[in-house]
Amino acid sequence: MRPSPDAGRSKKSQSAVGPTLRPLLLGLLLWSCGAEASRAPRPNFLLILADDLGIGDLGCYGNHTLRTPNIDRLADEGLRLTQLDSHRRPSCLSLPERGAAQPAARAGSRGACLAGKWHQGLSCASRGDHCHHPLSHGFDYFYGLTLLAAKVHGLLPVPWKVVLGAACLSLLLFLCWSCSSGFVRRWNCIVMRNHEVTGQPMDLDRSTQLLLREAQAFIRRPPRDCSRDCPAGGDLDTMGEVHGAGRVCVLCPDTCLLSEGKILHTLERNGLTNTTLTYFASDHGGHLEARDGSQQLGGWNGIYRGGKGMGGWEGGIRVPGLLRAPGVLPPGREIHEPTSLMDVFPTVVQLAGGQVPQDRVIDGRSLLPLLRGEEGQSGHEFLFHYCGTELHAARWHQRDGGRVWKVHYTTPRFHPPGAGACYGHGVCPCSGDGVIHHRPPLLFELSSDPAEAWPLSPDSEPLFHTVVARVDAAVAEHRETLSPVPQQLSLSRVLWRPWLQPCCGTFPFCGCQEDGDNTPQKPGL
């Protein structure tokens, strides 16, 4: 018999709570302005995004060996998405791209606080221009770790010999000093509060508590009148500068913090539970290649095949998704329609009373019709799955029959043969000799085979050619919406630039750690 979508609930997880799982949580809270709220009250938003958290790691998705009571509580008190997809566009949009905070702020929200990981770079031409900084993209407050280098294995469209040679040349510039202080740790992972470096290198032992403290302090901060910051006359234009200096904070703890209930308890103690929409998800599935000998470190993906960085396999792109809004969303409900992480942007903007940008293609669809029960089907008929810039797979939610088809054009070549991941490679490659191109493509019907265990053929599925032709046409239409942009993972963009390096102290002797009073303390050199 073929397994049901929840057949993996009796399976044991290979991961453990804490440092072996290492998820990263991002909290984004938006408060409505007093003037606007008096006319049409709007909710607060708490968005929590875990890093490398497999869908099989949570009790509410079938794990019986790990205790995740407060995450499970979100599912009990809210609703659970069973087909949430970590769909993204193949390449980042241009610099003026705006986050969810900006249209929401223009609509009268207070702004946004980011506490957590920012992996989008910091500066463009000079160390202080901060063109890529969160404060330049709609956030009013930032506290968290900033990663300055990309994880480029398997993604760069250049030979590894070229990458290795360029990297070695850069490292030689500071070889003597960096050998004693730790190059990657000191230069790549730092902690910032707004534009100030407060921790260099990041103290892994203290980072969780520092970030939790920052998030809780933001939640407890009393709201202030920001009516003067709101657009006059209900202006919903999303272009131009962001209005409002709101309460925005970014959080970067591990799953234990949510499991202990500290964030949820802080909402309760401050009377914010019933006015807050809480959204919990993961950026992608577990990283199967992250191992310590025979021990799995990167999360467990349940019955689903594959994991992080594998293009189209369900284990890498089907992620947990929980939403709670007491008094608004009925508790204990499940939505089995295909949804996407991209949906959070239009959903938050609509709830905040704003409008999504009209000058570009927006992949997300507002979840409100599904959440309110106004529509029974997802706004996504097709979803496209990329590995880097390469389209590996596409899914079709057949409107008339309700079936969900998945077409794989390219899949990673697992190593060793017969394994379920690319062990020994860090992450599966997206192109070249490390992938298999399928002609004709692989076809699965996810409604009856969510584990993608039985590929269909023209002999076993009468609709094989019809489905493949329909998906091919949708892929062609999708490609027409793509605009060429500079590749952020090109060789010229991932090389270290010392003149742009944030520094706490005198470059290149950078270093400081935040004390209990939030004051950066520079160590003696």
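The values are calculated or read from the model by the stated rules, or taken from the named source; none is laboratory data. Because the structure is predicted, anything quoted here is derived from the model rather than measured. Glycine also receives a Cβ, built like all others from the backbone with ideal geometry; neighbour counts cover every protein chain displayed. Each accessible area value is taken on the protein alone, full model and side chains, heavy atoms only, with ligands, DNA and RNA left out. Shrake-Rupley method; radii C 1.70, N 1.55, O 1.52, S 1.80 Å.
Annotations
Listed here are the residues, each with its yes/no results for (1) more than 15 Å from Arg305 (Cβ to Cβ); (2) assigned to a loop (DSSP other than H, G, I, E, B).
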position: Lys406; (1), (2): no, no
position: Cys430; (1), (2): yes, yes
position: Asp449; (1), (2): no, yes
position: Ala453; (1), (2): no, yes
position: Val468; (1), (2): yes, no
position: Val475; (1), (2): yes, no
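- Those strands (runs of 3 or more DSSP E) lying entirely in region 271-353 with at least 2 residues of a type in the set (A, V, I, L, M, F, W, C), closer than 21 Å to Leu79 by Cα and touching a strand residue (DSSP E or B) at 6+ places or on another chain (Cβ under 9 Å): 276-282, 318-324
- Some residue of region 233-247 being at pLDDT 75 or above, assigned to a helix (DSSP H, G or I), within 29 Å of Pro346 (Cβ to Cβ) and open to solvent by 10 Å² or more (accessible area, probe 1.4 Å): no
- Count of residues meeting criterion [touching a residue at least 40 places away in the same chain (Cβ under 8 Å) and either on the phi > 0 side of the Ramachandran plot or open to solvent by 70 Å² or more (accessible area, probe 1.4 Å) (or both)] in region 456-478: 1
- Of Asp449, Asp433, all but one fail to be more than 25 Å from the chain's Cα centre (by Cα) and at pLDDT below 95; the exception is Asp433.
- Given (1) open to solvent by 10 Å² or more (accessible area, probe 1.4 Å); (2) in a loop (DSSP other than H, G, I, E, B), index of the condition Ser378 fails: (1)
- Residues within region 432-455 that are loosely packed, with under 11 Cβ neighbours inside 10 Å and of a type in the set (Asp, Glu), tallied: 1
- If you filter region 401-412 down to residues that are out of contact with any Ser or Thr (no Cβ under 7 Å at 6 or more places or on another chain) and at pLDDT 95 or above, you find that the one that is most open to solvent (accessible area, probe 1.4 Å) is Tyr409.
- When each of Gly59, Gly54 is tested for being of a type in the set (Gly, Ala, Ser) and touching a residue at least 60 places away in the same chain (Cβ under 8 Å), the lone residue that passes is Gly54.
- Residue check, Ile362 closer than 23 Å to Asp449 by Cα, under 19 Å from the mean Cα position of the chain (by Cα) and open to solvent by 10 Å² or more (accessible area, probe 1.4 Å): no
- Condition check for Ala166: part of a helix (DSSP H, G or I), modelled with pLDDT under 65, touching a Gly at 6+ places or on another chain (Cβ under 8 Å) and hydrophobic (A, V, I, L, M, F, W, C): no
- Out of Ala325, Ala290, one residue alone is small (Gly, Ala, Ser) and over 20 Å from the mean Cα position of the chain (by Cα). It is Ala325.
- For region 306-357, filtering for residues that are open to solvent by 30 Å² or more (accessible area, probe 1.4 Å), in contact (Cβ under 8 Å) with a residue 24 or more places away in the chain and on the phi < 0 side of the Ramachandran plot leaves 15.
- Within region 432-443, considering residues that are free of Cβ contacts under 8 Å to residues at least 60 places away in the same chain and in a helix (DSSP H, G or I), the one nearest to Gly388 (Cα to Cα): Gly432
- Odd one out for Val494, checked against (1) modelled with pLDDT under 95; (2) within 23 Å of Ile317 (Cβ to Cβ): (2)
- Residue within region 413-431 that is touching a Phe, Trp or Tyr at 6+ places or on another chain (Cβ under 8 Å) and surrounded by fewer than 11 Cβ atoms within 10 Å (Cβ to Cβ) present: yes
- Selection within region 365-375: residues that are touching a residue at least 12 places away in the same chain (Cβ under 8 Å) and not in a loop (DSSP other than H, G, I, E, B). The member of this set that is nearest to Arg324 (Cα to Cα) is Leu371.
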